[in-house]
Amino acid sequence: MLENYKEVIEALEETNESVISHRLNDILRVLTSISVVILPLTLIASIWGMNVRVPGEGNITDFYVVIGCMFLILVGMVLWFKRRGWL
């Protein structure tokens, strides 16, 4: 009878570890997707944030064009990841 209980406990422990591993994989997938979405936005912001002359630096409308492009990239990538089931 003790041997039977031991096997049941070992099976429950393996099941628990499997559930924890699956949950961790889901969390890592979401965090990776978020970091991939943020990467191009960070690149664009860092290019326009440098202390060198970039196209559109003197005009305020170009600022809004860059912000609009960043927003479109953000929305596009989030929608694409949601459609693929990654978010």
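Do we have R29 as charged (D, E, K, R), at negative phi, at pLDDT 80 or above and surrounded by 12 or more Cβ atoms within 10 Å (Cβ to Cβ) here? Yes; evaluated as a whole, the condition is true for this residue. Mind checking which residues of the range 44-58 are surrounded by 11 or more Cβ atoms within 10 Å (Cβ to Cβ) and either small (G, A, S) or assigned to a helix (DSSP H, G or I) (or both)? I44, A45, I47, W48, G56 - these are the residues of the range 44-58 that are surrounded by 11 or more Cβ atoms within 10 Å (Cβ to Cβ) and either small (G, A, S) or assigned to a helix (DSSP H, G or I) (or both). Filtered by the rule that a residue be surrounded by 12 or more Cβ atoms within 10 Å (Cβ to Cβ) and at pLDDT below 85, the range 66-87 gives V66, W86, L87. Among the residues here, L39 qualifies as aliphatic (A, V, I, L, M) and outside any loop (DSSP other than H, G, I, E, B).
Restricting the first member to the range 4-29 and to residues that are touching a residue at least 24 places away in the same chain (Cβ under 8 Å), and the second to residues that are of a type in the set (A, V, I, L, M, F, W, C), the beta-carbon pairs closer than 9 Å and six or more apart or on different chains are R29/W86; R29/L87.
Taking residues in the range 65-84 that are free of Cβ contacts under 8 Å to residues at least 40 places away in the same chain and of a type in the set (D, E), and partners anywhere that are outside any helix (DSSP H, G or I) and loosely packed, with under 13 Cβ neighbours inside 10 Å, not one pair has Cβ atoms closer than 7 Å while being at least 6 places apart or on different chains.
Residue-level analysis places G49 among those that are small (G, A, S), at pLDDT below 85 and under 26 Å from the mean Cα position of the chain (by Cα). Taken together, the criteria place R29 among residues that are closer than 15 Å to K82 by Cα and either not in a helix (DSSP H, G or I) or not small (G, A, S) (or both). Check the range 9-25 and report whether any residue there is in a helix (DSSP H, G or I), of a type in the set (A, V, I, L, M, F, W, C) and surrounded by 11 or more Cβ atoms within 10 Å (Cβ to Cβ). For the range 9-25, residues in a helix (DSSP H, G or I), of a type in the set (A, V, I, L, M, F, W, C) and surrounded by 11 or more Cβ atoms within 10 Å (Cβ to Cβ): absent.
The values are calculated or read from the model by the stated rules, or taken from the named source; none is laboratory data. It should be emphasised that the depicted structure is a prediction, and the values quoted were computed from it without experimental measurement. In this analysis, Cβ positions are derived from the backbone assuming ideal geometry, glycine residues included, and neighbour counts consider all displayed protein chains.
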